[in-house]
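The structure appears below as structure tokens.
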Amino acid sequence: MAEVAKLIIDGKEYELPVITGSEGEKAIDIGKLRQVTGHITIDPAFMNSGSCYSSIAFIDGEKGILRYRGVPIEELAEHSNFVETAFLLIYGHLPTKQERQKFSTGLTRHSIIHEDMKNFFNGYPSSAHPMAILSAMVGALSAYYPNVTSADVTAEEMDENYVRLLSKVRTIAAASYKKSIGQPILYPRNDLSYCANFLHMMFAVPAEPYVVDEDVVKALNLLLIVHADHEQNCSTSTVRIVGSSRANVYASVSAGICALWGPLHGGANQEVIEMLQKIHDEKIPVSKVVADAKDKNSTFRLMGFGHRVYKNFDPRAKILKASCDKILSKMGIHDPLLDIAKELEEAALKDSYFVERKLYPNVDFYSGILYRAMGVPTNMFTVMFAIGRLPGWIAHYKELRADANAKIERPRQIYTGNTLTHYVPIDKR
Ligand code: CMC
């Protein structure tokens, strides 16, 4: 017999279907509740509400598990690269050699941005935050590839747009950095892999040959892999909500980039390094930082700590922490901020405030240390997160488009404003 939940309102009993996910997750389907009972459910900030069915990523926050299409994040971090992981997320399976070759060729072929688009960069002040440039430029891509807005666009054309977006995002990101430091924008190199090509466009200077450092390429692959998807987080939900109105993929992803920018989401990686730098420069004792983070009269939070879903170690933070030591020592770098981060983690994990609330370091706590070691400036950290998260956003957009029953996403509310209030002319107020 199908499992049901029972709800009693004013003494009347209603049966609600219970849904079970492929990992045994349970949900009560309230889709017809209003129709049947006149009630809606209320759950501000979606603390406990599923918004969709999805087969892309699985998280068990209590056990600290993250899998992309069933594959554990630890296995991908160790054996895969970003391009292969992107294919896995978007197409649902690990690519064959031929599929991977075709995908990589597409990424190479679409890497140059339209020459006219280069003019946009001149319109921004050199102090512009690169996330402002990235979100605008990604939205602007719809003007150059208008077939995405056509109702008749084919699946093949959409696939081409997904590859185009994945490829161009790194060219746009690197160009916004070059512009901010007053250097000429560099063309991508077709002989380089996805990550090496990005590093070339970021760090090469026209007058000197650029030598790709394979350790840095490996570190970048790792960082992008661990950021590649995280189910219905704030930015991905934004992409899905915007996409549910049938807005095109560039517009939907541009909205996701804006959502990612906030300091409680992807913007936290920049805030973490700024926090660690301040502790270092002003020699603030770690005990004071922990005390400030606990102080309810202060708005200060320990950035890079806590997570809506993980109530155990964030597996991505574990991977990055272990890599920090390995990668930095291989590069011959000693970063005092890494020492502070470790000391802070140790102090917080012993503190009852953090223990009781199950607050652990999240992915952003150690990512900035690695980006710094690679020479990426702090204001580019959230852009790096966006490049990494792009395959996830595309996969969710694609999943939504493929769902024949998908409806425009439109929550309800409980109204708390004035009851009927008549208009009073200005001279009588
Ligand atoms: N420092 C101090 N206290 C915290 C922190 C923190 N970093 N995070 C949560 N708390 C406290 C919070 O004050 C609350 O305490 P109380 O129960 O006494 O009111 C309790 O822990 C629960 O926090 P919440 O804000 O209700 O939890 P949430 O699920 O709404 O927020 C979060 C999750 C990630 C926004 C939050 O933990 C936070 O602000 N962390 C710092 C920002 C950060 O690192 N964000 C990156 C998240 S991972 C990357 C990504 O995917 O976006």
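So that you can scan it fast, the table gives a plain yes or no per residue for (1) under 21 Å from Ile133 (Cα atoms); (2) surrounded by fewer than 20 Cβ atoms within 10 Å (Cβ to Cβ):
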| residue | (1), (2) |
| --- | --- |
| Ile172 | yes, no |
| Leu186 | yes, yes |
| Met202 | yes, no |
| Glu208 | no, yes |
| Val216 | no, no |
| Leu220 | no, no |
| Val239 | yes, no |
| Ser252 | yes, no |
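Scanning the range 258-274 for residues that are within 10 Å of the ligand (Cβ to nearest atom) and either assigned to a helix (DSSP H, G or I) or among the charged types (D, E, K, R) (or both) yields Ala259, Leu260, Ala268, Asn269, Glu271, Val272.
Here Ile273 passes the criteria (1) open to solvent by 40 Å² or more (accessible area, probe 1.4 Å); (2) under 20 Å from the mean Cα position of the chain (by Cα) except the one numbered (1). With Leu338, Leu400, Leu344 as the choices, which residue is within 16 Å of the ligand (Cβ to nearest atom) and assigned to a helix (DSSP H, G or I)? Every option except Leu344 fails the conditions. Candidates in the range 292-327 are the residues that are open to solvent by 50 Å² or more (accessible area, probe 1.4 Å) and not in a loop (DSSP other than H, G, I, E, B); of these, the one that is nearest to the ligand (Cβ to nearest atom) is Lys294. Within the range 108-134, the residues that satisfy the criterion of being assigned to a helix (DSSP H, G or I) and open to solvent by less than 30 Å² (accessible area, probe 1.4 Å) are Met117, Phe121, Pro130, Met131, Ile133, Leu134.
Flag: Phe365 does not match the condition of being within 30 Å of Val71 (Cα to Cα), outside any helix (DSSP H, G or I), touching a residue at least 40 places away in the same chain (Cβ under 8 Å) and of a type in the set (A, V, I, L, M, F, W, C). Do we find a residue being surrounded by 21 or more Cβ atoms within 10 Å (Cβ to Cβ), away from the ligand (no atom under 12 Å from the Cβ) and within 26 Å of the chain's Cα centre (by Cα) anywhere in the range 362-370? Yes: one or more hits. Being assigned to a helix (DSSP H, G or I), in the same structural domain as Phe313 (by TED's automatic domain parsing), closer than 17 Å to His307 by Cβ and modelled with pLDDT under 95: is that true of Phe385 here? For Phe385, the condition - assigned to a helix (DSSP H, G or I), in the same structural domain as Phe313 (by TED's automatic domain parsing), closer than 17 Å to His307 by Cβ and modelled with pLDDT under 95 - is not met. Given the condition open to solvent by less than 70 Å² (accessible area, probe 1.4 Å) and basic (Lys, Arg), answer yes or no: does some residue in the range 58-70 qualify? Within the range 58-70 (the criterion being open to solvent by less than 70 Å² (accessible area, probe 1.4 Å) and basic (Lys, Arg)), the answer is yes, since at least one residue qualifies.
Counting only residues that are free of Cβ contacts under 8 Å to residues at least 24 places away in the same chain and either touching a helix residue (DSSP H, G or I) at 6+ places or on another chain (Cβ under 7 Å) or not assigned by TED's automatic domain parsing to the domain that holds Val376 (or both), which one in the range 188-198 is least open to solvent (accessible area, probe 1.4 Å)? Here the answer is Ala196. Screening Leu349 with (1) more than 24 Å from the chain's Cα centre (by Cα); (2) within 14 Å of the ligand (Cβ to nearest atom); (3) surrounded by 16 or more Cβ atoms within 10 Å (Cβ to Cβ) gives one miss only, at (3). Would you say Ile181 is out of contact with any Pro (no Cβ under 7 Å at 6 or more places or on another chain), among the β-branched types (Val, Ile, Thr) and open to solvent by less than 10 Å² (accessible area, probe 1.4 Å)? Criteria not met by Ile181.
Across the range 276-290, the qualifying residues are those that are in a helix (DSSP H, G or I) and loosely packed, with under 15 Cβ neighbours inside 10 Å, and the one among them that is farthest from the ligand (Cβ to nearest atom) is Asp281. Looking only at the range 53-70, residues that are under 21 Å from Phe313 (Cβ atoms) and in contact (Cβ under 8 Å) with a residue 24 or more places away in the chain come to 11 in all. Against the condition open to solvent by 50 Å² or more (accessible area, probe 1.4 Å), away from the ligand (no atom under 16 Å from the Cβ) and hydrophobic (A, V, I, L, M, F, W, C), how does Met47 come out, does it pass? No; evaluated as a whole, the condition is false for this residue.
Here is a yes/no grid of residues against (1) over 23 Å from the mean Cα position of the chain (by Cα); (2) small (Gly, Ala, Ser):
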| site | (1), (2) |
| --- | --- |
| Gly24 | yes, yes |
| Gly50 | no, yes |
| Ser54 | no, yes |
| Ala57 | no, yes |
| Ile65 | no, no |
| Glu84 | no, no |
| Leu107 | no, no |
| Asn122 | yes, no |
| Ser127 | yes, yes |
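Taking Asp43 as the residue in question, decide whether it is acidic (Asp, Glu) and farther than 22 Å from Glu23 by Cα. In short, yes. Of all the listed residues (Tyr124, Tyr162, Tyr145), the sole one being aromatic (Phe, Trp, Tyr) and at pLDDT 95 or above is Tyr162.
The values are calculated or read from the model by the stated rules, or taken from the named source; none is laboratory data. From a predicted model like this one, the values you see are computed outputs, not experimental measurements. Backbone-built Cβ (ideal geometry, glycine too); neighbour counts: all protein chains shown. The protein model used for the area step is the full one, side chains on, heavy atoms only, and it has no ligands, DNA or RNA in it. Shrake-Rupley method; radii C 1.70, N 1.55, O 1.52, S 1.80 Å.
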